[in-house]
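Trainee: Structure provided below as structure tokens; questions to follow.
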Amino acid sequence: MKSSLLFTLLLSVFVSTASGETQARAVVEHATPERMIAALRESRGVLPPVPDVHPKRVMFNAEAVVPPQCYTRTEARYNPCYVCHQDPIEGRENVLADGDLQRDYAFSDTGLTNHWRNLFEDRSERVAAASDEEILRYIRQDNYSELPGRLREAGFRGWIPDLDGLESGAAAFDEHGFARDGSGWVAFNYKPLPSTFWPTNGSTDDVMIRLPAAYRTDAGGKPSYDVYRSNLAILEAKIKGLDHISCLPVDERSLGTDLDGDGVLGTAVRITRLDSWTGAAAGEFIDTHLYPQGTEFLHTVRYVGIGNDGGIGVSTRMKEVRYLRKARAAVKAVYARRYQEEGYEKDAGNLPNYVGLGDSGIDNHSGWAVQGFIENAEGRLRALTFEENFSCMSCHNSIGSTIDKTFAFPRKVDGARGWGYIDLKGMPDAPSKGEKTGEIATYLARVGGGSEFRNNDEMERRWFTSGRLDRQKLAGAEDVYDLITPSRERALALNKAYRCIVEDQDFIYGKDSTITPPANVYEAIDNDLTPTLPDQRVFRYNLVLDWGAE
Ligand code: HEC
Ligand code: HEC
């Protein structure tokens, strides 16, 4: 079918359903990235339109795995790079040594151009035109609870969100973080990685974990909180490389195992016996820094919520629902080999190549299936397009700082206290393991600003004096909440700015909530002219935090 229109949407079959979801995907003819975006703006379904050729052929940015952060001007001084690019830490499965990338802008030819052009859009007028009431109404609406039903109606075959009431945040969980709906999801309290997920930079978030059924049931196959609590604690110790961990009270008699090593079967609030799982999973493979096969993570990224009392927290509306599932587990030697192979590919000049799993997202080459949902132009959630999904691989695959490709769980508040929905109030600025000063304070000093792009005026006013971090001002901050939450005014402006991107549906050009173009970001890198960091501004960093003695 030929058409003289700029682009044509073809609907092959129509299947009418109660909420109007159709089971067919709109196909974009003569697809280009621009036509894909135009089609997304028109699209109202829960499934995004697809191109008429292989989606890889219509990618705008073949280096979508390189995030915007990498283009910050370091000017031989400012280093926001170290939280991601790191050399290996003994014993971990992550042996990618990319600490050098802090120093070099060693991009592929494609990567030399900053494709995140949304950063350079001036949204001042659009932000000024939006009213506070309107954006507040918008972010307080629930766009999550209708998602599972819409996906089912559309015949979606990937993971369908299965945690009831998540739109209301903490209320979906009991005091220890266990989902009230019995789905097995567990919320935990972690310190957000600097600095994209700091509320002051435009987003709030939460993270939940779920272990496979065997890790939640006793040897006889019955669901057991004692089994689940103990396995979660054992996993936490393994991921962080600890030799003991405190846990929610576990009845050792029901497990027949002396977890705390005190010689009697009683109630354990601490686990020292970490060499095997409990319950039905007792015989499964266990090693440090690795999750069991079937582990799932759920991450919701939200607007900066503003309570009636002015308090800042997660909004009801979700910007994105993100999901990871460890589909295939492997031993450390296999991961080491994968990193090596990826290095060869890069040396051979090949651009990143990931395999699409249809509705199940994309395979990150190292066992995790990665999938997500994002707002359509009307703010209803829809599945990601191939290119939008492609950009997830990056941080969840090929950087040196992660543990088994993840961030938040290794950064959980240690032990029993850390089970429960994220709460920045009362959370201390724990140092990165091996350091003495708080992680956030250290970050602010190394970066020379309040965000990776050094474009956060409010943070600079709060914690800096004439361009230098002011320890006296910092001493006035009681907790992580004080350090990284914005004023109401800033929160409103950032929310309005991000909403523009939702209306434009051009997420492939970047999703940062910026109002005016940041001055400290390169539009392109010139290898001969761009100054790089000297050795004394390159830092070792451990993603795991030192929460102090439990
Ligand atoms: C939030 C994490 C994060 C931060 C912060 C970050 N990067 Fe990156 N960087 C990545 C990811 C992810 C990739 C893509 C890795 C891949 O798949 O090859 C990447 C890729 C790169 C590459 C390309 C490497 C290649 O082999 O093609 C360079 C160069 C780079 N980063 C430099 C920097 C510099 C310089 C900074 C600081 C100004 C920085 N990055 C900050 C995550 C980050
Ligand atoms: C620029 C780096 C980056 C990119 C790109 C990225 N993530 Fe993440 N992701 C993170 C960080 C950092 C966290 C931890 C959240 C925090 O610290 O607040 C995280 C957390 C998660 C988690 C929870 C498990 C964990 O690792 O802690 C899931 C699930 C997830 N992301 C899925 C996705 C999906 C799906 C995409 C693509 C739409 C994506 N991520 C893209 C950096 C990234």
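Throughout, read-outs are computed from the coordinates displayed, never taken from laboratory work. From a predicted model like this one, the values you see are computed outputs, not experimental measurements. All Cβ positions, even for glycine, are placed from backbone atoms using ideal geometry, and neighbour counts span all protein chains on display.
Trainee: Please give the Cα centre distance for the stretch 53-73 versus the stretch 397-414, rounded to the nearest Å.
Mentor: Measuring centre to centre over Cα atoms gives 23 Å.
Trainee: What is the gain in length, in nm to one decimal, between Q340 and R273 on full extension, counting 0.36 nm per residue of separation less the C-alpha to C-alpha distance?
Mentor: My answer for the length gained is 20.7 nm.
Trainee: Efficiency by 1/(1 + (r/R0)^6): what FRET value for E146 and D174, r their Cβ-Cβ distance, R0 = 25 Å, to the nearest 0.05? Write down the numbers at each step before the final one.
Mentor: Working: r = 25 Å, r/R0 = 0.99.
Taking R0 as 25 Å, the efficiency between E146 and D174 is 0.50.
Trainee: Please get the size of the charge dipole for the stretch 93-223, origin at its Cα centre, with Cβ charges of +1 on Lys and Arg and -1 on Asp and Glu, quoted in debye to the nearest 20.
Mentor: On the way: 14 positive and 23 negative charges, 68 e Å.
Computed about the Cα centre, the dipole is about 320 debye.
Trainee: At a Förster distance of 25 Å, what's the computed FRET efficiency of T288 paired with H54, Cβ-Cβ distance as r, to 0.05?
Mentor: Details: r = 40 Å, r/R0 = 1.59.
According to the calculation, E is roughly 0.05.
Trainee: By how many nm would the segment from E550 to E90 lengthen if fully extended, with 0.36 nm per residue of separation less the alpha-carbon distance?
Mentor: Details: separation 460, 0.36 × 460 = 165.60 nm, distance 2.40 nm.
Result for the pair: 163.2 nm of gain on full extension.
Trainee: Could you work out the relative contact order of the stretch 214-281, using alpha carbon pairs under 8 angstrom and six or more residues apart, expressed as a whole percent? It would help to have the intermediate numbers written out before the result.
Mentor: Numbers: 132 pairs, mean separation 25.7, N = 68.
38 percent.
Trainee: If you don't mind, there's one more thing I want to ask. 5 Å is the cut-off here: which amide hydrogens, built 1.01 Å from N in the peptide plane, fall below it relative to K319, excluding neighbours closer than 5 in sequence?
Mentor: Those qualifying (amide H under 5 Å, at least 5 residues apart or on another chain) are V301, R302, Y303.
Trainee: OK, next. If one computes the Cα centroid of the stretch 220-254 and of the stretch 75-153, what distance in Å separates the two points?
Mentor: 34 Å
Trainee: Follow-up. Want the number for K436 to A524: 0.36 nm per residue separation, take away the alpha-carbon distance, what's left?
Mentor: On the way: separation 88, 0.36 × 88 = 31.68 nm, distance 3.67 nm.
Extra length available between K436 and A524 comes to 28.0 nm.
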